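Below: the structure, in C-alpha cells.
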Amino acid sequence: MDMRARPYRSVLYIPASKERALDKARKLPVDAIIFDLEDAVSPDEKVRARETLAVALAEGGYGHRMKIVRINGLDTQWGLDDAAAVAKMACDAVLLPKVDGPDQLDALADITGDLDLWAMMETPRGMLNAAAIAAHPKLRGFVMGTNDLARELNSRADAGRTAMMPALGLCLLAAKAEGIVIIDGVYNAFKDDAGLRAEADQGRDMGFDGKSLIHPAQIEVANAAFAPSEEELALARRHIAAFNAAQADGLGIAVVDGRIVENLHVATAQDVLAKAQAIERIAAE
C-alpha cells in the first residue's frame, strides 16, 4: 500500500521484550505498531528484546499493520547493534529517537540500507531543523515525542497543549511540505477517554495523520477521531456531485450549502473518500 494512502489513525507502542504483548498485537485493530527497543525496555533486557523481536517479526501474522521498530540512539551502547539487527528484520521501517538533524539519518541509513526511516521529533534542536530532517531522501515519517520535548522545554501541560503548539506547528509544516506522514504524540492518561478524544480531535484538526498510543484501550478513540465521519463522507459526495453537475453546465464552480465548491474542495473530498475506502479494506481483512 502506498505510504500516503495507508491509514495511520492509531500507532501503538509495544515493548519488544514482552512476548505476550508482541503476540497480542497481531490481533489489535491498529494501523501501525512501533516495536520499541528504547524507552519501554530496561537496560538489562535490551539485547534479549532485540532477539525476541526478531523472532516475532519472522513469524509474521501482523497483517496490514505497519511494522516500525524504534531503536536506541546511535550514541548509546545499544544503538549500532540495534540498527544492524533491524536491517535484517521483517519490518517496514526503523524509527530513530531524538533526531536533531539529517546527519543522524545519514548515519542510520549507512547501516540499514534500503529500509525506510522514521524520525522521533522530541528535542528543541530537532524542532529548529524539522524542515531539513523532513527533506531527507529516505525519511517517510515523523513521530512527535511530546513527553521528552516537554521535559527539555521545562514546560507545563494544559488541555490545549499551549506550550507544544510552536513545535507541533513546525513539524506539521515540514512534514506536509515534503509529503511525509506525521503522527501526534501520546496521551499519558490511558484511562481518560474524554481527554484522549479531545486531544486526538485537536491533532486531527491540525492535520496530523494519526496518534501514537501507549495502551490498547486507546485504540478505539484514535481510530474514530482520525477516520472520516459519516457527515464528512456525505459532504464529500455532495461536493463531488455538485461540482460534476456544474461542469456539465459549463461552470467552473458549484455551490453547496451556500458555500463555493472549487477544484481544491473536490480534491479534498476525493482524499476523504479514498481514506474511508482504505479503512474499509483493512477492516475486511
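Before moving on, here are some points about what is shown:
- Within the option set ARG197, ARG204, ARG238, being closer than 24 Å to ALA278 by Cα, within 16 Å of the chain's Cα centre (by Cα) and without any contact (Cβ under 8 Å) to a residue 60 or more places away in the chain holds for one residue only, ARG204.
- Scanning the range 1-39 for residues that are touching a helix residue (DSSP H, G or I) at 6+ places or on another chain (Cβ under 8 Å) and at pLDDT below 95 turns up MET1, ALA5, ARG6.
- Summed over the range 134-153, residues that are in contact (Cβ under 8 Å) with a residue 40 or more places away in the chain and farther than 21 Å from GLY203 by Cα total 2.
- Residues in the range 176-208 that are under 18 Å from ASP31 (Cα atoms) and charged (D, E, K, R): ASP184, ARG197, ASP201, ARG204.
- Going through (1) in contact (Cβ under 8 Å) with a residue 24 or more places away in the chain; (2) within 22 Å of ILE183 (Cα to Cα) one by one, LYS27 falls short only on (1).
- Residue within the range 145-165 that is under 16 Å from the mean Cα position of the chain (by Cα), β-branched (Val, Ile, Thr), assigned by TED's automatic domain parsing to the domain that holds ALA16 and assigned to a strand (DSSP E or B) present: no
- Residue satisfying all of: in the range 120-144; more than 15 Å from VAL94 (Cα to Cα) and in a loop (DSSP other than H, G, I, E, B); nearest to the chain's Cα centre (by Cα) among these: GLU122
The values are calculated or read from the model by the stated rules, or taken from the named source; none is laboratory data. Only a predicted model underlies this, so the values are computations on that prediction, with no experimental measurement involved. Here Cβ is always computed from backbone atoms with ideal geometry, including for glycine, and neighbour counts include all displayed protein chains.
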